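Before I ask anything, here is the structure I am working with.
The values are calculated or read from the model by the stated rules, or taken from the named source; none is laboratory data. This structure is a prediction, so every number in the text was calculated from the model and none was measured. Reconstructed Cβ throughout: ideal geometry from the backbone, glycine too, with neighbour counts over all protein chains shown.
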Amino acid sequence: MSVFNYNGVQLDLARQKESIPYIKEFITFAADAGYNSILLYLEDRIRTASYPYISESESYSVEEMKEIVRFAEEKKIDLVPCVATLGHAERFLAHKELQHLSEVSDDTIDRFGRSNPRKDVFCVSHPGFYTFIENYISEVAEIFPSQFFHAGLDEFFNFNLCPLCRELMPTRQDEEEVFLRHIIRMERLLSKLGKRMMIWSDMFEFYTTVLPRIPRNIVVMDWQYQDDVRKYLGHLFEIGVENRIAQNDSLGLDTVMACAECGLNNAVSTLKYADRKNAWGFLYTSWEKSHSYFYRSYPMIFFSGQLSQGISAHDAWKNTMNYIFGSDDPMLSYAVHLAVSDGNIRNHRPASESNALTRPFMGLPVDRYTQSADILGMLQESGDKVVSVLGKKVWKDICNNMEEKFLANELKSSFWDILDYGYRDDYYNRALMAAADLEKLIDSEIADWDVFRAGIEPNNIAGGKDQLLAGLQKLFNGLTGDNFMKIRFCMPDQYVVNSFDVEFLVDGKWITAASKNPAKSDGLSDTLFERAVFVDFAGVPEAVRLSVSGMGGRGISYFELYKDGKHFVPEAIQEVSGIVEHPEYLLSDDVKFTWFNTQCTRYNYNNPVTSRATHSVTLKLKEAEF
């Protein structure tokens with residue numbers, strides 16, 4: 001494998017502030033793994049003269065960041081700052097002093113069809129926007145000697161929605177031109193500051209005329225988070241397939257391929273793909289650690305850094321074990337490898353309602369669930385082989401990760417036993433035991449905060465405990481009621497951004513049972529899935545109305561309701577509204593699907609008003625014979 005020009009790992013400080021000693025520890029770790037750069041995903045974490053609104057406890061001063069930069073220089077690590085300049089601006093816009101720069105307001109209907117959306121996109125038309133962002137970027141750029149500066153530009157979906165912007169960009173072509181002008185303006189600013197601009201590239205999938213016209217010295221970062229990376233797959237909109245590296249090469253643009261923590265093979269295959277396609281650079285991204293710790297990802301990060309240096313997989317893993325744990329004991333090595341192979345991305349708090357009440361249509365992968373317990377057992381049995389201080393932290397965090405996965409899956413299996421076979425004390429008690437053990441685990445992780453994040457406030461794991469337990473209690477209450485519906489979905493991909501509503505006709509009145517539910521599968525590949533939703537209403541339902549709204553379509557294969565000991569299923573179609581393909585398929589209990597809304601998500605994105613439309617089918621219900 002060739003050695004990449006840019007070989008980086010990302011540290012997400014925007015979603016979770018880390019202590020200066022920890023950041024220095026991570027810099028040393030990254031350097032020893034073989035990386036030459038760390039992308040500091042900052043958003044607003046640096047407090048400057050033009051941005052004094054953030055508290056000291058939630059930010060770094062200029063001098064504190066300079067101290068970190070000096071340490072990185074000693075370790076020959078290039079620290080690259082990342083400040084998002086369009087989307088992911090929610091931290092900036094949370095301050096009342098900057099809320100006037102938000103693209104959306106409380107009365108905006110966003111591109112996803114949602115009212116009162118999150119304020120996370122800057123308004124490029126506001127006369128104060130460029131003054132603010134250019135001042136802030138200039139202040140941050142001065143801190144870092146790196147030749148690079150990352151300007152974000154990913155996922156700014158709620159672009160061109162406010163009256164000012166709609167006046168500036170009345171047509172789709174205008175929107176593309178304003179996006180291009182923003183890129184050019186940011187690039188010129190950074191060039192004056194002696195920086196080479198880096199950007200995420202996913203929005204070029206939707207603004208297709210922009211990429212060929214951006215300045216050629218910009219470095220584009222293509223992120224691919226699927227398990228086996230062999231081509232560029234699009235994000236959100238129809239998953240378009242592109243040969244993006246070749247396209248970038250033809251335009252004279254350097255490409256950095258980025259992987260994530262969603263599985264060990266994601267990193268391995270990204271490196272292989274980047275090498276075979278002659279990518280200019282590689283980046284290991286990591287996101288959102290406010291409710292978990294970063295140590296569980298260290299083996300994947302170190303291993304990937306070693307691979308990126310051309311070291312064989314065998315030697316890279318051996319080096320990983322010896323560096324982190326001070327041992328390559330066979331059982332410990334095998335257990336760690338199994339533990340990290342399944343990935344950690346957004347793994348914190350998997351015992352949510354959306355996860356617990358969603359399952360693949362073909363059934364739960366129970367064997368894989370029990371493997372978490374087996375891996376945990378091997379880790380605990382070989383724990384005495386861990387000799388280094390770092391290794392003990394990593395080992396404990398991986399053990400917690402495995403236990404969390406196991407307990408979440410215990411809950412899920414128990415819940416679905418009740419949903420499928422009816423309430424039984426042994427099913428319910430099994431779930432109660434898992435919930436009690438999960439609470440103990442959370443308490444242990446809360447205590448770890450003082451070791452893993454000493455001096456950092458607030459303790460976000462402690463802050464999220466009550467919400468998690470309240471969610472679990474809601475699930476248990478629903479299970480004892482034994483009133484629920486099951487909806488079978490058939491989707492071409494996991495990137496679902498629309499929502500569905502369910503209403504029942506009871507005694508001549510419509511009752512809402514589910515509103516704006518964004519049901520998704522619990523995995524990238526399990527896109528034929530079932531979602532259970534608890535219901536709470538009196539009376540016998542005569543009909544059900546299934547509605548979909550928002551950006552993009554949704555396939556629904558079947559609906560059934562279990563209520564007061566009775567089982568209700570569709571009998572006939574009463575009404576169809578909006579765009580609905582093959583509504584008759586909802587009458588048969590199989591995997592044919594009725595499609596709600598257009599199959600072209602891009603159409604809704606380009607025409608935001610269409611995301612506000614509702615597409616529905618009303619079904620007469622009957623009691624099932626069996």
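Just one of the numbered conditions (1) under 21 Å from A408 (Cβ atoms); (2) touching a strand residue (DSSP E or B) at 6+ places or on another chain (Cβ under 8 Å); (3) among the small types (G, A, S); (4) modelled with pLDDT of 95 or more is not true of A462; which one?
The failed condition is (2).
List the number of the failed condition for E439; all other conditions in (1) in contact (Cβ under 8 Å) with a residue 24 or more places away in the chain; (2) farther than 14 Å from A351 by Cβ; (3) in contact with a Lys or Arg (Cβ under 9 Å, 6 or more places away or on another chain) hold.
In the conditions (1) in contact (Cβ under 8 Å) with a residue 24 or more places away in the chain; (2) farther than 14 Å from A351 by Cβ; (3) in contact with a Lys or Arg (Cβ under 9 Å, 6 or more places away or on another chain), E439 misses (2) alone.
Every residue, every condition in (1) in contact with a Phe, Trp or Tyr (Cβ under 6 Å, 6 or more places away or on another chain); (2) in the same structural domain as V220 (by TED's automatic domain parsing); (3) under 18 Å from F148 (Cβ atoms); (4) among the hydroxyl-bearing types (S, T, Y), yes or no:
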residue: L13; (1), (2), (3), (4): no, yes, yes, no
residue: K17; (1), (2), (3), (4): no, yes, no, no
residue: I20; (1), (2), (3), (4): no, yes, no, no
residue: K24; (1), (2), (3), (4): yes, yes, no, no
residue: D32; (1), (2), (3), (4): no, yes, no, no
residue: L39; (1), (2), (3), (4): no, yes, yes, no
residue: E43; (1), (2), (3), (4): no, yes, yes, no
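Which residue pairs have Cβ atoms closer than 8 Å, lie 6 or more positions apart in sequence or on different chains, and pair a first residue in the stretch 154-183 that is assigned by TED's automatic domain parsing to the domain that holds G550 with a second residue that is part of a helix (DSSP H, G or I) and modelled with pLDDT under 95?
Here the result reads none, with nothing in the stretch 154-183 linked to a residue that is part of a helix (DSSP H, G or I) and modelled with pLDDT under 95.
Another question about this same structure. Can you pull out the residues in the stretch 110-127 that are surrounded by fewer than 17 Cβ atoms within 10 Å (Cβ to Cβ) and more than 16 Å from F92 (Cβ to Cβ)?
Hits for the stretch 110-127 are S115, N116, P127.
Tell me the residue from V241, V229, V220 that is within 24 Å of F4 (Cα to Cα) and free of Cβ contacts under 8 Å to residues at least 40 places away in the same chain, please.
Result: V220 is the single residue among V241, V229, V220 that is within 24 Å of F4 (Cα to Cα) and free of Cβ contacts under 8 Å to residues at least 40 places away in the same chain.
Condition check ((1) in contact with a Pro (Cβ under 7 Å, 6 or more places away or on another chain); (2) assigned to a loop (DSSP other than H, G, I, E, B); (3) on the phi > 0 side of the Ramachandran plot) across all residues:
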residue	(1), (2), (3)
D448	no, no, no
V451	no, no, no
I461	no, no, no
D466	no, no, no
Y495	no, yes, no
F500	no, no, no
D526	yes, yes, no
A532	no, no, no
V548	no, no, no
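Considering only residues of the stretch 585-599 that are part of a loop (DSSP other than H, G, I, E, B) and in contact with a helix residue (DSSP H, G or I) (Cβ under 9 Å, 6 or more places away or on another chain), which is modelled with the lowest pLDDT?
Ranking the candidates gives T598 first.
Continuing with this model, one more query. How about the stretch 90-146: which of its residues are closer than 22 Å to I46 by Cα, assigned to a loop (DSSP other than H, G, I, E, B) and either of a type in the set (D, E) or not assigned by TED's automatic domain parsing to the domain that holds D78 (or both)?
Selection gives E97, D120.
Looking only at residues in the stretch 307-329 that are in a loop (DSSP other than H, G, I, E, B) and not aliphatic (A, V, I, L, M), which one is farthest from Y35 (Cα to Cα)?
D329
Can you pull out the residues in the stretch 61-78 that are in contact with a Leu (Cβ under 9 Å, 6 or more places away or on another chain) and exposed (fewer than 15 other Cβ atoms within 10 Å of the Cβ)?
E73 - this is the single residue of the stretch 61-78 that is in contact with a Leu (Cβ under 9 Å, 6 or more places away or on another chain) and exposed (fewer than 15 other Cβ atoms within 10 Å of the Cβ).
Condition (residue is of a type in the set (D, E, K, R), assigned to a loop (DSSP other than H, G, I, E, B) and either at pLDDT 95 or above or farther than 22 Å from H291 by Cβ (or both)) applied to the stretch 18-35: is it met by at least one residue?
Yes - at least one qualifying residue is present in the stretch 18-35.
Name the pairs: first residue in the stretch 572-583 and in the same structural domain as R554 (by TED's automatic domain parsing), second residue among the basic types (K, R) and at pLDDT 95 or above, Cβ to Cβ under 6 Å, at least 6 apart or on different chains?
Correct list of pairs: A572/K620; Q574/K620.
Which condition does F144 not pass, out of (1) surrounded by fewer than 19 Cβ atoms within 10 Å (Cβ to Cβ); (2) among the aromatic types (F, W, Y); (3) in contact with a Pro (Cβ under 8 Å, 6 or more places away or on another chain), if it passes all the others?
That leaves (1) as the condition not met.
Right, something else. Kindly establish whether Y428 is among the hydroxyl-bearing types (S, T, Y) and in a helix (DSSP H, G or I).
yes
Moving on to the next point. Show the residue pairs meeting these rules: Cβ distance below 6 Å; 6+ apart or different chains; first residue within the stretch 419-430 and closer than 18 Å to V533 by Cα; second residue surrounded by 11 or more Cβ atoms within 10 Å (Cβ to Cβ) and not small (G, A, S).
From residues that are closer than 18 Å to V533 by Cα, the pairs are Y423/D482.
Further question: Take Y298 and tell me if it is under 25 Å from D397 (Cβ atoms) and either touching a Phe, Trp or Tyr at 6+ places or on another chain (Cβ under 8 Å) or surrounded by fewer than 24 Cβ atoms within 10 Å (Cβ to Cβ) (or both).
Yes: the conditions hold for Y298.
In the stretch 311-338, what residues are of a type in the set (A, V, I, L, M) and either modelled with pLDDT under 95 or over 18 Å from Y295 (Cβ atoms) (or both)?
I311, A313, A316, M331
Per-residue answers, yes or no, for (1) among the hydroxyl-bearing types (S, T, Y); (2) under 20 Å from F484 (Cα atoms):
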{"position": "G553", "(1), (2)": "no, no"}
{"position": "K563", "(1), (2)": "no, yes"}
{"position": "F568", "(1), (2)": "no, yes"}
{"position": "I573", "(1), (2)": "no, no"}
{"position": "S577", "(1), (2)": "yes, no"}
{"position": "P583", "(1), (2)": "no, no"}
{"position": "S588", "(1), (2)": "yes, yes"}
{"position": "V591", "(1), (2)": "no, no"}
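Is the stretch 63-70 home to any residue that is of a type outside the set (S, T, Y) and at positive phi?
no
Can you list residue pairs whose Cβ atoms sit under 6 Å apart, with the first residue in the stretch 448-471 being farther than 13 Å from E58 by Cα and the second being at pLDDT 90 or above and surrounded by fewer than 17 Cβ atoms within 10 Å (Cβ to Cβ)? Count only pairs 6 or more apart in sequence or on different chains.
Pairs that qualify, where the first residue is farther than 13 Å from E58 by Cα and the partner is at pLDDT 90 or above and surrounded by fewer than 17 Cβ atoms within 10 Å (Cβ to Cβ), are W449/N459; I461/I446; A462/I446.
Ok, one more. What are the residues in the stretch 477-492 that are surrounded by 15 or more Cβ atoms within 10 Å (Cβ to Cβ) and part of a helix (DSSP H, G or I), if any?
If the condition is that a residue be surrounded by 15 or more Cβ atoms within 10 Å (Cβ to Cβ) and part of a helix (DSSP H, G or I), then G478, L479 are the ones that fit.
Another question, then. I'd like to check something: does the stretch 573-593 contain any residue that is touching an Asp or Glu at 6+ places or on another chain (Cβ under 7 Å) and surrounded by fewer than 20 Cβ atoms within 10 Å (Cβ to Cβ)?
Yes, because at least one residue in the stretch 573-593 is touching an Asp or Glu at 6+ places or on another chain (Cβ under 7 Å) and surrounded by fewer than 20 Cβ atoms within 10 Å (Cβ to Cβ).
Let me ask another. When you go through (1) modelled with pLDDT of 95 or more; (2) touching a helix residue (DSSP H, G or I) at 6+ places or on another chain (Cβ under 9 Å); (3) of a type in the set (K, R) one by one for K509, which number turns out not to apply?
Evaluating K509 over (1) modelled with pLDDT of 95 or more; (2) touching a helix residue (DSSP H, G or I) at 6+ places or on another chain (Cβ under 9 Å); (3) of a type in the set (K, R) leaves (2) as the failure.
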